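To start, the structure itself, in structure tokens.
None of the figures in this text is laboratory data; all of them are computed from the coordinates on show. Being a predicted model, the structure only gives us computed values, none of them experimental. Please note: Cβ atoms are built from the backbone with ideal geometry, for glycine as well, and neighbour counts cover all protein chains shown.
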Amino acid sequence: MKIVEDILEKLDNYFEHKKESEFYIIVLGTVFAIGMFSYNILIPETEDMLKKDLQIQNRLKAQLTKEKNYLKSVTVNGDNRYKIKKLQKEIKTLKATLNNLKELNEYSDYQIRKLQELLFNEENWAKFLDSIAKKANDNSVDIDIISNTFIQNQKNFGHVLEIGIECEGNYQSIISFINDIEESELVVDVYDIVLEKEKKLRANFKVSVWGISY
């Protein structure tokens, strides 16, 4: 506080000996100097702030215009959700189409599998003969003789294999064995069945397999 008092005392003594006109000149000079300082320092900062504000406003206006144009482009008959609804409808249609294609694919796979069952070659021939032996074993039937003749059929669909079987077992086992053959995946026909009673029931029958030879 002593320092401030000394400065004020010196200023008071300085202006005490000055004329009133000199006092005002000094005051005006001081005010002018402060004004020039403020102008040189504050005005540029203010201009920068104004420029930044204008840039922000311009960006906001541009974004607002863009949003308005987009809203206008998707609005049909006053409905600003028209295109969204249209897209949702198209997606729903595509889903239905996809489901139909899946069902068609599953059906095609099924038909192909069925067709493969009808396509008869030597490989399928061997598999079918093996399946007969397995069915006999599962039903406790003993096969004595099994003969087979592969028939070259030039037709689209027809008789492609003839099998002769002689076997023995109890009545129920033989009936079950014949029934299993008839339920094979291939198209078969069991015929000429002859049953003879000895120590065990003997059966003699033929099996025709139908399909497409290739």
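Checking the Cα-Cα distances for 134/199; 102/134; 102/206; 134/197 against a 31 Å cut-off, the pairs over it are 102/134; 102/206. Rounded to the nearest 0.05, the FRET efficiency derived from the C-beta distance between residue 204 and residue 159 at R0 = 22 Å is 0.65.
For region 54-60, 3J(HN,Hα) computed residue by residue from phi via the Karplus equation (6.51, -1.76, 1.60; θ = phi - 60°) reads 5, 5, 4, 4, 5, 5, 5 Hz, glycine and proline entered as x. Each residue of region 178-194 was assigned a 3J(HN,Hα) from its phi angle through the Karplus curve 6.51 cos²θ - 1.76 cosθ + 1.60 (θ = phi - 60°); the sequence is 4, 5, 5, 5, 5, 8, 4, 5, 6, 7, 10, 9, 9, 8, 6, 7, 10 Hz, with glycine and proline shown as x.
If only the Cβ of Lys and Arg carry +1 and only the Cβ of Asp and Glu carry -1, the dipole of region 121-213 around its Cα centre is close to 100 debye. Other residues whose C-beta falls under 14 angstrom from the C-beta of residue 194 contribute a net charge of -3, scoring Lys and Arg +1 and Asp and Glu -1. Ordering of 179-192, 49-62 by packing is 179-192, 49-62, highest average first (other Cβ atoms within 10 Å, averaged per residue).
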